[in-house]
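Chemist: Please see the structure below; I have some questions.
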Amino acid sequence: MDAVARKTLFAHLVILVIISSACKAKPASEPTLTEPPLKSNPTAKPTLTPEPTSTPYPTLIPQVESNCPPGGWSQYTEEDGLADNWPRTMVVDQIGRVLVGYLIGDISLFHNGVWTSMPYTPGAPTYEINSIIPLDDGTLWVGTQGGQVALYRGGTWKMWTIQAEDQNTTVYSLEIAPDGRVWAATWNGIFQLQGDQWQPISKPVPEDFLFSGKTLFLDDEDGLWVGARRGLYYYKDGSWGPPAPGENGVQDVSDIEIDRFGNLWFSGPGGVLVFDGSTWTRVYPSGSQYDPGEIVSVNGIAFGPDERVWIADSEGVSVYENGVWQTVIPGVGSADIKLTGVEIDPWGAAWFTANEGVLCYNP
C-alpha cells in the first residue's frame, strides 16, 4: 500500500470515529440534569412524626369498653398524660371518648385507654376553655373565657370572637341544634351564629341591664332554656317566655339535664330542682336536709344507663337510687379533693373533674 492509499484509509477511520461519537452523544434538546447542592440551615429542625402507637386526634376508632378500668375508682393526672392537673371542663361523647379542656387552652383526649393532647395549630383557642361540644363526625366546638368560639374540623380551626359593647365577652356555654344552629351563652347575653356572624338575641330583661347566661339546653320543642346568674329563662320562636319562679331558687344554674321521662333537672347553689312541665320539686337537698340559708353548690348532674343519678357538689359525690340519696367517698385523691363536674360514659362509668386531675368510677 503506497503512501497515498495509507493517508486515504487513515482519513476514513477518523471520519468513522467522529460519526460514532456523535451518534452516542445526547441530543442538544435534552437538558443535562444536575443535582442541586444541599442547603445548609443550622436552625432547621426535623419534622416530628407521631409514634406508631399514638392515637390520632380527634379519632373515631370504635371502643369496645369504657376507658375507666373496672373495679372501683381511678385517678388520672399529668403523669398519666393529662395536659394539666386542673381541668376546667369535660365531656364524654356518644362513643366513649373523654375530652378535657384546661385553663391554658389545651384539650386532652382519652380514647381506647390512651391519653393524648391536641397538637396546637394556628387559630386554636388559647385561653380558659369553658365549653366543649364534640359532634359525631369528629367536629369540635369550643367556647372560651376570652370570648372565643372555635370550630375544629378536618385538622384546622376556624375562630370567631364575640364582642359586646366593643369588648370581648365571656363564653360560658354552647348549644348545637339538630339543624346545625349554634347558640352561645355569654356574660353579655345570648348570641346565635347567623351566616358567619354572631348576632345578639334580645334580652328577657331591659336591654340596658346586664344579662349573663351560663347554661344552655335545647328541648325537643326547639325551645332554649337559659340558666342565668339571676334566674332561669325560656326562649322560643323569637320571644322569651316567663322565667322560673324566683322562690324556687333557680339561679346561677351550673347544669341542665333531662331524664328518660322528660323531666328537666337543674343544678346550682340551691341544690337540685326538677321540673316535670308544671311543677317544681327540690330533690337535693330534700326534706329535713334542706336549709334555705345554706349554699349547696351542685356543679353537675349526670344520668347513668342503670337509672342512677350522679351529682358532684361542694361536699363530694352523691348518687340517687330508688328515691334515696347516698354519699359516695372517692377512693382516690386527697381527703380534701374538690369535684367540679360529672359525666357518664356509654358503659355506665362515672367521670369527674377535680382539682387533682380526672377521676372515674367503674364498679
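The values are calculated or read from the model by the stated rules, or taken from the named source; none is laboratory data. What you are looking at is a predicted structure, and each value in this text was computed from that prediction instead of being measured. Because the Cβ atoms are built from the backbone with ideal geometry, glycine has one as well, and the counts that use them run over all protein chains shown.
Chemist: Taking the residues in segment 104-125 that are surrounded by fewer than 16 Cβ atoms within 10 Å (Cβ to Cβ) and either of a type in the set (A, V, I, L, M, F, W, C) or at pLDDT below 85 (or both) as candidates, determine which candidate is nearest to Pro70 (Cα to Cα).
Modeler: Only one residue tops the list, namely Val114.
Chemist: Going through segment 292-317 one residue at a time, which ones are surrounded by 19 or more Cβ atoms within 10 Å (Cβ to Cβ) and more than 24 Å from the chain's Cα centre (by Cα)? If you could, list the steps in order and put the result at the bottom.
Modeler: Kept after step one, since they are surrounded by 19 or more Cβ atoms within 10 Å (Cβ to Cβ), are these residues of segment 292-317: 296, 298-302, 309-313, 317.
Result: Val296, single match.
Chemist: Return yes or no: is Phe211 within 23 Å of Val142 (Cα to Cα), in contact with a strand residue (DSSP E or B) (Cβ under 8 Å, 6 or more places away or on another chain), of a type in the set (Phe, Trp, Tyr) and in a loop (DSSP other than H, G, I, E, B)?
Modeler: yes
Chemist: May I pose another question? With the requirement that a residue be surrounded by 14 or more Cβ atoms within 10 Å (Cβ to Cβ) and in a loop (DSSP other than H, G, I, E, B), what does segment 132-158 give you? Steps first, answer last, please.
Modeler: Step one: filter segment 132-158 for residues surrounded by 14 or more Cβ atoms within 10 Å (Cβ to Cβ), giving 132-135, 138-153, 157.
Scanning segment 132-158 gives Leu135, Gly138, Thr139, Gln145, Gly146, Gly147.
Chemist: Continuing with the same structure: Considering segment 215-229 alone, what residues qualify as being surrounded by fewer than 22 Cβ atoms within 10 Å (Cβ to Cβ) and farther than 17 Å from Ala177 by Cα?
Modeler: Result: Arg229, single match.
Chemist: Right, next: Please find, within segment 57-80, the residue that is surrounded by the fewest Cβ atoms within 10 Å (Cβ to Cβ) out of those that are within 20 Å of the chain's Cα centre (by Cα) and of a type in the set (Ser, Thr, Tyr).
Modeler: Thr77
Chemist: Quick check on segment 113-130. Is at least one of its residues farther than 16 Å from Arg153 by Cα, among the hydroxyl-bearing types (Ser, Thr, Tyr) and not in a strand (DSSP E or B)?
Modeler: yes
Chemist: Just a yes or no: is a residue in segment 185-199 surrounded by 14 or more Cβ atoms within 10 Å (Cβ to Cβ), assigned to a loop (DSSP other than H, G, I, E, B) and of a type outside the set (Val, Ile, Thr)?
Modeler: Yes; the residues of segment 185-199 include at least one that is surrounded by 14 or more Cβ atoms within 10 Å (Cβ to Cβ), assigned to a loop (DSSP other than H, G, I, E, B) and of a type outside the set (Val, Ile, Thr).
Chemist: Can you pull out the residues in segment 159-181 that are surrounded by 19 or more Cβ atoms within 10 Å (Cβ to Cβ) and either assigned to a strand (DSSP E or B) or in contact with a helix residue (DSSP H, G or I) (Cβ under 6 Å, 6 or more places away or on another chain) (or both)? Quick ask: steps written out before the conclusion?
Modeler: First, pick out the residues of segment 159-181 that are surrounded by 19 or more Cβ atoms within 10 Å (Cβ to Cβ): 162, 169-175.
Result: Val171, Tyr172, Ser173, Leu174, Glu175.
Chemist: Which ones in segment 279-317 are part of a loop (DSSP other than H, G, I, E, B), at pLDDT 90 or above and of a type outside the set (D, E, K, R)?
Modeler: Result: Gly304, single match.
Chemist: For Pro330, indicate whether it is of a type outside the set (A, V, I, L, M), farther than 25 Å from Asp252 by Cα and at pLDDT 90 or above.
Modeler: The answer is yes for Pro330.
Chemist: Next question, about the same structure. Quick one: in segment 253-273, of everything that is over 15 Å from Trp325 (Cβ atoms) and of a type in the set (Phe, Trp, Tyr), which residue is surrounded by the fewest Cβ atoms within 10 Å (Cβ to Cβ)?
Modeler: This residue is Phe261.
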